[in-house]
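Worksheet for the structure shown next.
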Amino acid sequence: MFSVPTFLIGLREGLEASLVVGILIAYLVKLGRRDAVSSLWVGVVAAVVLSLGFGAVLQFTSANLSFEAQERFGGFASLVAVGFVTWMVFWMRRTARFLKTELHGRLTTALTLGPLALALTGFVAVGREGLETALFLWSAVQSTQQPVVSTSSAFGGLLASVVLGYAFYKGALNLNLKTFFTWTGAALVVVAAGVCSYGIHDLQEAGLLPGLNTLAFDVSNTIAPSSWYGTLLKGIFNFQPATTVLQAVAWVAYLAPVLWLFFRPSRAAVPAPTPQQTASV
Amino acid sequence: MPARPALVIVALGLALVGCGTATSAADSSATVAIKAGDSTCEVAKTSFAAPGTIAFEVQNVGKDVTEVYVYGKGSGGTFNKIAGEVENIAPGTSRAFEVKVSGGDYEVACKPGQKGSGTRTALHVTGASTTGTSAAAYDREVEFSARDDSFLGLTGLTAKAGERIEFSMKNTSSNHPHEFEVFGPDGKVVGEIGPTGPGTTGEAILELTTAGTYTYMCGISDHASRGLRGSFTVR
């Protein structure tokens, strides 16, 4: 026996983090910096361990986290994750240009932002939804009705998300360098826009931001959140069938300028903005 | 090399987690069971004698994933202000959550499929009602205790007009229940902490709308004449 709804929650909760981590690892491998991958993993593992540990305390003891506290955590952690991922994308965009022009040895200096930054990025990418996911997993383990079905379905969903992240990573590696850096970077920006919108919604639920009941649209009857396609849309783009106006505004306000900056012709490392001159470096 | 990032990360994680207030489960009231099905939503207890914290335990007895919200009245008088929630309850599993309530009406909503407005059940909490948009919010907390001959910890209390204060009274008496009734400058009741048994704590959120002298007393038996009374000023 297998519970599809439980599987889908696991998939949804894990998918976005898997994609982000998969893309980041692919980036590092493409740059020839396999050695830096371990720093990223430190952050990922730390986030998983902390989430599972803290989740276990909440689930198995009488300790409780108020819903506001949990939403505030989810909200702020999401915005922090957006910050890190955005910064990573632009750092990589800059680094990628070295690939074409510089000797490989110079890359080492370009990567001096180093292990801590990578670890923190891995940490926030996984940790922002880690606590909620851990609570979901532990409640499946603790299920009195059907512990085996719940547990295997929940872990199965998470595992599937990891497999998809890995598949994305493998597929991305086969792209040629230019295509790879352009499209994986753009993909990260789109994912980050979703995380940003999600964070806003958490803060609205916590009552820190207004407008929770002012919806931009509600298509939850067409795209059911618990359907497989609703799961994928939510897992990859953080698309919420019932989206508030503020969320929609935040999504556009993040995505439009960041994508523009990302796709803008790269210019030489001269601070003065002289776009005509250096349009095709 | 990875040792240092790991340390920083753990510290950061703890700092983030530290934002939350971990409170122990409600000691006085028992857990309220909610059985959430695909079209049903059975709440074991819908009437509560006093404001405070209600601990819910949601069991998903349906086939679909569900989530449960407790709503207070938001602006416009509809039940759309979240007082507490728990999401991602897989079929056959249980999740617990706590909701802090003041006096008034609430609605529990079970949302199978995690969408829509859900199957609603009305809740009522007896006690001081907080009108306005935020059901459970207050500006500050005032803690005091009640002995058989006096309230301790209220001397010198002042407040600003419009302030919303959560009064928390610990009854340190060994055998008498006490309550805490507050009257405004016009002599009308502002609100009260209902009868609170020996050794237990009662809470109420009172909004002190107008300036003036407020009086308080214990309305049980002859307790007021034994010294359980006093006044404070709102400016």
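The values are calculated or read from the model by the stated rules, or taken from the named source; none is laboratory data. Here the structure is a predicted model, which means the values were calculated and not measured. So basically every Cβ, Gly included, is an ideal-geometry build from the backbone, and we count neighbours across all protein chains shown. In case anyone asks, the SASA skips ligands and DNA or RNA and just uses the protein heavy atoms, side chains included. Shrake-Rupley method; radii C 1.70, N 1.55, O 1.52, S 1.80 Å.
At-a-glance table
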{"quantity": "With 10 Å bins from 0: P(r) over the protein assembly as shown, alpha-carbon pairs, percent", "calculated": "4, 17, 24, 21, 15, 11, 5, 2, 0, 0"}
{"quantity": "Given charges at beta-carbon only (K, R positive; D, E negative), |dipole| of the protein assembly as shown in Debye", "calculated": "2540"}
{"quantity": "Rounded to 5, the percent of DSSP beta bridges in the protein assembly as shown classed as antiparallel", "calculated": "80"}
{"quantity": "Sequence of B:SER150, B:SER75, B:SER102 from largest to smallest accessible area, 1.4 Å probe", "calculated": "B:SER75, B:SER150, B:SER102"}
{"quantity": "Positive dipole terminus of segment A:4-263, leading residue within A:ASN213, A:PRO225, A:VAL162 (C-beta point charges)", "calculated": "A:VAL162"}
{"quantity": "Shape box of segment B:142-235 [Cα atoms, principal axes, largest first, Å]", "calculated": "36, 22, 21"}
{"quantity": "Solution diffusion estimate, µm²/s, Stokes-Einstein, segment A:4-263, Kirkwood Rh from C-alpha pairs, 37 °C, viscosity 0.692 mPa s", "calculated": "172"}
{"quantity": "Nearest-ten-degree value, helix A:114-127 long axis tilted from longest Cα axis of chain A", "calculated": "30"}
{"quantity": "Solvent-accessible surface ranking, highest first, for A:PHE54, A:PHE60 at 1.4 angstrom", "calculated": "A:PHE60, A:PHE54"}
{"quantity": "Listed residue pairs exceeding 18 Å between alpha carbons, taken from B:LYS63/B:LYS115; A:LYS170/A:LYS234; B:LYS45/B:LYS170; B:LYS45/B:LYS100; B:LYS63/B:LYS111; B:LYS81/B:LYS111", "calculated": "A:LYS170/A:LYS234; B:LYS45/B:LYS170"}
{"quantity": "With Cα atoms, 0 to 90° folded angle of helix A:147-173 axis to chain A main axis", "calculated": "10"}
{"quantity": "Within the accessible area of segment A:180-245 (1.4 Å probe), percent carbon and sulfur", "calculated": "69"}
{"quantity": "Distance between segment A:210-270 and segment A:1-40 - C-alpha centres, whole angstrom", "calculated": "20"}
{"quantity": "Whether segment A:1-54 is rounded, prolate or oblate, judged on the alpha carbon gyration tensor where a/c under 1.5 counts as rounded", "calculated": "oblate"}
{"quantity": "Average accessible surface area per residue within segment B:26-125, 1.4 Å rolling probe, Å²", "calculated": "37"}
{"quantity": "C-alpha long axis of helix A:130-141 to longest principal axis of chain A, angle in °", "calculated": "40"}
{"quantity": "Length-normalised contact order for chain A - Cα pairs under 8 Å, 6+ apart - percent", "calculated": "32"}
